[in-house]
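For reference, the structure is listed below as structure tokens.
Here, each number is a calculation from the coordinates, and none is a lab measurement. The model shown is predicted, which means the values in this text are computed figures rather than measured ones. Neighbour counts are summed over all protein chains in view; Cβ atoms, including those assigned to glycine, are modelled from backbone coordinates with ideal geometry.
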There are 2 protein chains.
Amino acid sequence: MAATIFDVAKHAGVSIGTVSRVLNNKDRVSPATRERVLKAVRELDYHANAFARGLASQESNTLGLVIPQVNDPFFFQIVRGVEDAATDEGYSLLIASQPRPAHEHRYLDLFRRGNVDAMVLVAIDVYLHEIQQIAARGVPIVLAQQDVGKNIPAFLADNYSGSRAMTEHLLGHGYRRLAYIAGTNYTPDSRERLRAMQDVLAEHGLSMGPEYIVPGDYLQDSGYRAMLELLQRPVLPEAVFAANDQMALDAMRAIQENGLRVPEDIAVVGFDDIPMSSYVSPALTTIQQPVYEMGWHAAKRAIAMIGPEENVEERTLASPRVMLLPASLVVRKSCGC
Amino acid sequence: MAATIFDVAKHAGVSIGTVSRVLNNKDRVSPATRERVLKAVRELDYHANAFARGLASQESNTLGLVIPQVNDPFFFQIVRGVEDAATDEGYSLLIASQPRPAHEHRYLDLFRRGNVDAMVLVAIDVYLHEIQQIAARGVPIVLAQQDVGKNIPAFLADNYSGSRAMTEHLLGHGYRRLAYIAGTNYTPDSRERLRAMQDVLAEHGLSMGPEYIVPGDYLQDSGYRAMLELLQRPVLPEAVFAANDQMALDAMRAIQENGLRVPEDIAVVGFDDIPMSSYVSPALTTIQQPVYEMGWHAAKRAIAMIGPEENVEERTLASPRVMLLPASLVVRKSCGC
DNA sequence: CTGAAAGCGCTTACAG
DNA sequence: CTGAAAGCGCTTACAG
């Protein structure tokens, strides 16, 4: 059986309190005693029991992460950012991934039980009252790629600016009839991107008719179907902006299978810069999101908020609540460049 | 502050033992009492503290997963399989991802502390003695995409059969001069695939000279460099088998950038069937691995092994130790079909 | 069917 | 600098 703190104490000839102090190096311990304890730890291959430690200290040293259960490299990058930040701070990572759409939010139970000291929620369907309920237990929460307002910190990509830059770029090519393939509303991304597009068009005295805005769901094949719909229009669009790369790639495929060329007949651009986008032909012009950074910052912020319960609110308000991380234009071939 | 079991007990007018019994429904409790307790739980929004429960019961209800820190959809799919299986069994998932190559194995500490009831290790650099050390603590371990022998269960893709099928397919096209772009040795995959290839060639009275076997590392760009090397050969290969799709795609790029055509001048095939492979032109012929299933089975097996410590070995031996999951040929265009 | 109590393995004031 | 002891919030034999 695994050694306990009692075994170590006996082996080193000290009390368990001293062993604990050495291991957590909080109080002063004499060098000689410390050495003896450390030696005993080594010899017995002692590892403090995480439950006992958590129960006694009321800290888990664990960061919780809730992320949509979507097979998307996008989310994978966020996880890496969160994990690196957590590791950097000496925290473990407990991950729960959430089916989408979620009718029950049982995953939150995980975090209501004192399992985690703080948590990061990524692009997940949550209700404000649930978040506040957890925050009220003293567990700081930070959102990534999602915002619910109140005093919950959020790290988002600057979708609006990114989409503006893309739209300006398309107009720079001389395109006037643009179309948009929308994503779902599970995060406000798609709407923000559309809004930016419409704003830029309006600034140039242009607009996009409703028949050129078709729904999609961000997932495989939905861009294909949406593009087929656009190809029915009496007047074809000159350029199609898809709310993410996956749909943009599918749209390109639909165009090509219908005997038209990208970008000569119809230009196509996306959003996200997934790895595949540089491999297809023509390579996809898109917007790169700071995905890894989003996870990293969100985790760092969440961990920074850990502390005495009384101060949660105060600490929350010390920094700007919403951080918009820059999204940058990646110009390749599919736009006509 | 969060309600404890004492609050619930007082509120329901029973002892904490009874509350515990209701919540874990182990022993008989009268329906009336049960109802009163449940009502109190609801009213106080009680959630049992995970640490206290873990400490008292000596179970965490958590499955640990260690996975390489590689940005690869391949591993992402394994995580999903593991997670689905864990959720299915009512287990939480604690994930640690391991930089590769790993000189320290500190992530194992996480699991030496009683944090998890069982663990799954995916394609990770581990030493047998470390695994046995953990197993000796009564924590069952299952490997995925890796095998270290002894009595540690392992779930692997059937690399040998998959590679055989691919090689036969290439020979069926009439190709006789094959080349191989190898992966790293961090898992035995690459060697197994090469071995199968050589076996099939030998069975047909053929062989592959050492100058047609070039090293790669599975990662971005390594296929490109390897292919440039192959293009230096006085006699070019007719078909190139890369140990994974990523390298195969890079190899295709190298060929095309040198003014040759795939598959007319040189055929290229890969292994893994990553999403990108169906998007490139020509679409890549490859071998699909049962990645999700590997994770799913490994997790199910690990959880099944949880139980009284005395029986770990016995339970381990009850089922076949190594499970080879089928890898199937996906024929597209890059092979010449 | 239910309660009282020991025990899980730590941390952390409190004394000295 | 170090020890003795309370306490963290549960589970689970043991009685009754």
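For this structure, a couple of remarks:
- Mean partner shielding of peptide B:43-50, defined as the number of other chain Cβ atoms within 10 Å of each residue Cβ, is 5.
- Across the protein assembly as shown, the convex hull enclosing all Cα atoms gives 192 Å³ per residue.
- Normalised alpha carbon radius of gyration of the range B:127-205 [divisor 2.2 N^0.38 Å]: 1.46
- Rg and Dmax of chain B, Cα atoms only, in Å: 25.7, 89
- For peptides B:131-141, B:245-255, sequence by mean Cβ density within 10 Å, most packed first: B:245-255, B:131-141
- Residue of A:S163, A:S60, A:S30 that the Gaussian network model of chain A assigns the largest fluctuation, springs spanning Cα pairs under 10 Å: A:S30
- Counting Lys and Arg as +1 and Asp and Glu as -1 over every other residue whose Cβ lies under 12 Å from the Cβ of A:Q198, the net charge comes to +1.
- Calculated label separations, B:E59, copies of the chain, 7 Å along the beta-carbon direction, nm: 3.1
- If you run the Gaussian network model on chain A, springs between alpha carbon atoms under 10 Å, then out of A:M208, A:M227, A:M294 the most flexible one is A:M208.
- Hydrodynamic radius (Kirkwood) for the range B:159-289, which is based on Cα pairs only, to one decimal in Å: 14.1
- Each other copy holds its own label point for B:T33; taking that point as 7 Å from Cα along Cα to Cβ, the gaps run 4.7 nm, nearest first.
- For chain B, built as a Gaussian network whose Cα springs stay under 10 Å, the top-fluctuating residue of B:L325, B:L201, B:L44: B:L44
- With a cut-off of 16 Å on the backbone N, the residues of the range A:155-181 near the modelled label site 7 Å out from A:L236 along Cα-Cβ are A:175-180.
- Mean-position separation - Cα centroids, the range B:283-303 and the range A:1-45, in angstrom: 44
- Counted over chain A, the DSSP beta bridges are approximately 10% antiparallel.
- Ascending distances from the A:V148 label point to its copies in the other chains, with the point 7 Å along the Cα-to-beta-carbon line: 4.1 nm.
- The DSSP beta bridges internal to the protein assembly as shown are antiparallel in roughly 10% of cases.
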